[in-house]
Structures are given as structure tokens and as C-alpha cells.
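Engineer: Mind having a look at this structure? Questions to follow.
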Amino acid sequence: MATKAKTTKKRRRVQADEKVCIGCKLCEVACIVAHSKSKNIIRAFNEETPRALSRVLVEESKPLTFALQCRHCDDPPCAVACMTGALRKDPETGAVLHDREKCVGCWMCVMVCPYGGIQRDMREGKAASKCDLCLELDEPACVAACPNAALFVVEDED
């Protein structure tokens, strides 16, 4: 009788180290460009309307600064609170994904997120906006852009 080897899935999360964050906001810029239509910094900021929304926000309370985004919780309260199913935990990647088409802008996810990682996006209709871990990239754009490695990827095994 053959036994199946247990396959472990790696789930990535972005974490911040506030001790080395200088508040430069390059993570915000990189996120905007990564989620823009053109993927070009000049076009993303000067030509695209509406401009893509950053899914990471730098919080500043000097001398402390840190980047804040979705933590992709193991048991996400936002997905439980979402009445339309627009937020769901992907079993393969562990990412909490948002389907803008299903979102009705009730903001329950914003209210229940313990980290403040979900924003209201009022640009084209009402919808929530949150970090998607840049799953199409090898490394999230915010992490790649951080000059001090204040943002880094942590991989958890399932």
C-alpha cells in the first residue's frame, strides 16, 4: 500500500520592522505602480485616472514609523464578516483575496480588521481595498522597493 507524502504549503506574509523604517513611503509608491494599469511610475502618477490605490500605508508617529497592510490572518475576521463573499482565504496561497466585483462597500471588513489593513476605496464605486501580496510577482512590490529591508516576507508552512 502506497502512502502519500504530506506536502507542505508555504504561505507568505509581509511583515514590518519598525526599528529600521524611515518613513520614506517608497513601499506606497511601489504598490501604486504595481497595481496601476501601465506599471510605469510616471504614467501611474501623472496620467492614469483614477490613480491606483496603495494597499500599504505608512503610519507615522515620530520617532516610530511602520508600514501597515493586511496580515493575511489564518482565520480572517474580514472574510467571516463579508456578507457577499468578496473576501475569502485562498487555501493554496493562504492569502486573503478580495473580489471587487462582489464587494458592495458595506465596510464590515474595515470595521472588524484588527490591524487596520483594509481601506475604503471610493474611486470608482464603493469597494474595499487591501494587500493582495502581489501574488503574480516573485516578491511583493513593497518589499522589493524598501531600501532598509523594513518590509520582509515571512513564509509559514501549513
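Engineer: Of everything in the range 44-62, what is touching a strand residue (DSSP E or B) at 6+ places or on another chain (Cβ under 7 Å) and either farther than 14 Å from Ile32 by Cβ or in a strand (DSSP E or B) (or both)? Give them in sequence order.
Structural biologist: Once the filter is applied, which keeps residues that are touching a strand residue (DSSP E or B) at 6+ places or on another chain (Cβ under 7 Å) and either farther than 14 Å from Ile32 by Cβ or in a strand (DSSP E or B) (or both), the range 44-62 yields Leu57, Val58, Glu59.
Engineer: Being over 14 Å from the mean Cα position of the chain (by Cα), in contact (Cβ under 8 Å) with a residue 24 or more places away in the chain and in a loop (DSSP other than H, G, I, E, B) is the filter here, so list the residues in the range 63-99 that pass it.
Structural biologist: Scanning the range 63-99 gives Cys82, Met83, Ala86, Glu92.
Per-residue answers, yes or no, for (1) charged (D, E, K, R); (2) modelled with pLDDT of 95 or more; (3) under 13 Å from Val143 (Cα atoms):
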site	(1), (2), (3)
Met1	no, no, no
Thr8	no, no, no
Arg11	yes, no, no
Leu26	no, yes, yes
Phe45	no, yes, no
Thr49	no, no, no
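Engineer: Is it the case, given these coordinates, that Asp138 is in contact (Cβ under 8 Å) with a residue 40 or more places away in the chain, surrounded by fewer than 23 Cβ atoms within 10 Å (Cβ to Cβ) and of a type outside the set (A, V, I, L, M)?
Structural biologist: Answer is no for this residue.
Engineer: Considering only the range 116-123, I want to know if a residue exists there that is modelled with pLDDT of 95 or more and either among the hydroxyl-bearing types (Ser, Thr, Tyr) or farther than 20 Å from Ala16 by Cβ (or both).
Structural biologist: No: the range 116-123 contains no residue that is modelled with pLDDT of 95 or more and either among the hydroxyl-bearing types (Ser, Thr, Tyr) or farther than 20 Å from Ala16 by Cβ (or both).
Engineer: Quick one: would you say Leu68 is hydrophobic (A, V, I, L, M, F, W, C), touching an Asp or Glu at 6+ places or on another chain (Cβ under 8 Å) and surrounded by fewer than 13 Cβ atoms within 10 Å (Cβ to Cβ)?
Structural biologist: no
Engineer: Now for a different question. Could you check how many residues of the range 122-148 are assigned to a loop (DSSP other than H, G, I, E, B) and of a type in the set (A, V, I, L, M, F, W, C)?
Structural biologist: 7
The values are calculated or read from the model by the stated rules, or taken from the named source; none is laboratory data. Only a predicted model underlies this, so the values are computations on that prediction, with no experimental measurement involved. Virtual Cβ from ideal backbone geometry, glycine too; neighbours counted across all protein chains shown.
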